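Asker: First the structure, which I've put down as structure tokens, then a few questions once you've had a look.
The values are calculated or read from the model by the stated rules, or taken from the named source; none is laboratory data. Quantities reported herein were computed from a predicted structural model and do not represent experimental measurements. Cβ coordinates were reconstructed from backbone atoms using ideal geometry, including for glycine residues, and neighbour counts include every protein chain displayed.
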Amino acid sequence: MALTPVSWRYEEQLITEISDMPEGTYGFIYRVTHLPTQKKYVGKKVLFFERNVKLGKRELETLKEERKAAGIGGRVPAKKKVVKESDWKDYYGSQAEIKALVRSSKPEDWSREILDFVPTKKLLTYYEIKHIFINDALEDPDFLNDNILGKFYQKDFIKVDS
């Protein structure tokens, strides 16, 4: 994204590093607000990305030698798990309207608030849904959230005049 990140806030505290978060945090629930339009979005963000990366020839050969020297038999894994910090510092959301607003905005047009720090992947999804309900995000036209788990959609709440 083209914006310089606006700091995350949790209550009145600025969050600029993972060390500013409680120990054991897997991710967080957030609410971003585009201040000129007052459009909001509730979402979740993980702190680390985990990827399986294919081992190169040299790395594979070194691993084979190490395993042989240690007396470990069997097949040598062809991949390794790599963990790196996510893009949470400059993240605003993945929803299409948020991305469009970010492209056409200045950093000071945004407020980014952490609602909850969460210790596990499963609870991250639970707390995201909880905050979507608490904020009435599917029914409130000021929210850009348009579905929950791909099952409940904002369009389902459009009232038909009789």
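Asker: Hey, any hits in region 2-9 for a residue that's on the phi > 0 side of the Ramachandran plot and either in contact with a strand residue (DSSP E or B) (Cβ under 8 Å, 6 or more places away or on another chain) or not assigned by TED's automatic domain parsing to the domain that holds residue 141 (or both)? Even if it seems obvious, please write down each step before you answer.
Answerer: Of region 2-9, the ones on the phi > 0 side of the Ramachandran plot are none.
Within region 2-9, not a single residue is on the phi > 0 side of the Ramachandran plot and either in contact with a strand residue (DSSP E or B) (Cβ under 8 Å, 6 or more places away or on another chain) or not assigned by TED's automatic domain parsing to the domain that holds residue 141 (or both).
Asker: Let me ask something additional. Tell me the residue from 41, 127, 30, 91 that is of a type outside the set (Lys, Arg), surrounded by 12 or more Cβ atoms within 10 Å (Cβ to Cβ) and more than 21 Å from residue 7 (Cβ to Cβ), please.
Answerer: Values: 41 fails: more than 21 Å from residue 7 (Cβ to Cβ); 30 fails: more than 21 Å from residue 7 (Cβ to Cβ); 91 fails: more than 21 Å from residue 7 (Cβ to Cβ).
Residue meeting the stated conditions: 127.
Asker: For residue 73, all conditions in the list (1) more than 30 Å from residue 133 (Cα to Cα); (2) of a type outside the set (Ser, Thr, Tyr); (3) in the same structural domain as residue 113 (by TED's automatic domain parsing) hold save one; what is the number of the exception?
Answerer: Only one criterion in (1) more than 30 Å from residue 133 (Cα to Cα); (2) of a type outside the set (Ser, Thr, Tyr); (3) in the same structural domain as residue 113 (by TED's automatic domain parsing) is unmet by residue 73, namely (3).
Asker: Note down all Cβ pairs under 6 Å where the first residue falls in region 70-96 and is touching a residue at least 12 places away in the same chain (Cβ under 8 Å) and closer than 27 Å to residue 60 by Cα, the second is surrounded by 10 or more Cβ atoms within 10 Å (Cβ to Cβ) and of a type in the set (D, E, K, R), and they're at least six residues apart or on different chains.
Answerer: So the pair list comes out as 76/64; 82/51; 83/50.
Asker: Now for a different question. If I ask for residues that are farther than 23 Å from residue 154 by Cα and surrounded by 16 or more Cβ atoms within 10 Å (Cβ to Cβ), which ones from region 94-109 would you list? Write out each step before concluding.
Answerer: Applying the first criterion (farther than 23 Å from residue 154 by Cα) to region 94-109 yields 103-109.
Selection gives 105, 109.
Asker: Test each condition in (1) loosely packed, with under 14 Cβ neighbours inside 10 Å; (2) more than 25 Å from residue 104 (Cα to Cα); (3) in the same structural domain as residue 108 (by TED's automatic domain parsing) for residue 16 and report the one that comes out false.
Answerer: Unmet for residue 16, out of (1) loosely packed, with under 14 Cβ neighbours inside 10 Å; (2) more than 25 Å from residue 104 (Cα to Cα); (3) in the same structural domain as residue 108 (by TED's automatic domain parsing): (2).
Asker: In this structure, is residue 116 more than 27 Å from residue 25 (Cβ to Cβ), buried (at least 16 other Cβ atoms within 10 Å of the Cβ) and modelled with pLDDT of 90 or more?
Answerer: Values: more than 27 Å from residue 25 (Cβ to Cβ): no; buried (at least 16 other Cβ atoms within 10 Å of the Cβ): yes; modelled with pLDDT of 90 or more: yes.
No.
Asker: Determine which member of the set 80, 44 is at pLDDT 95 or above and either closer than 29 Å to residue 96 by Cα or not assigned by TED's automatic domain parsing to the domain that holds residue 118 (or both). Full working, then the answer.
Answerer: On the way: 80 fails: at pLDDT 95 or above.
Matching residue, one of 80, 44: 44.
Asker: Follow-up question, since we're still on this one. Could you look through region 49-82, keep only residues that are among the β-branched types (Val, Ile, Thr) and over 30 Å from residue 120 (Cβ atoms), and pick out the one that is nearest to the chain's Cα centre (by Cα)? Don't jump to the end; show me each part of the working.
Answerer: First, pick out the residues of region 49-82 that are among the β-branched types (Val, Ile, Thr): 53, 62, 72, 76, 82.
Subset that is over 30 Å from residue 120 (Cβ atoms): 62, 72, 76.
Values: 62: 36, 72: 39, 76: 33 Å.
Step by step, filter region 49-82, then rank; the result is 76.
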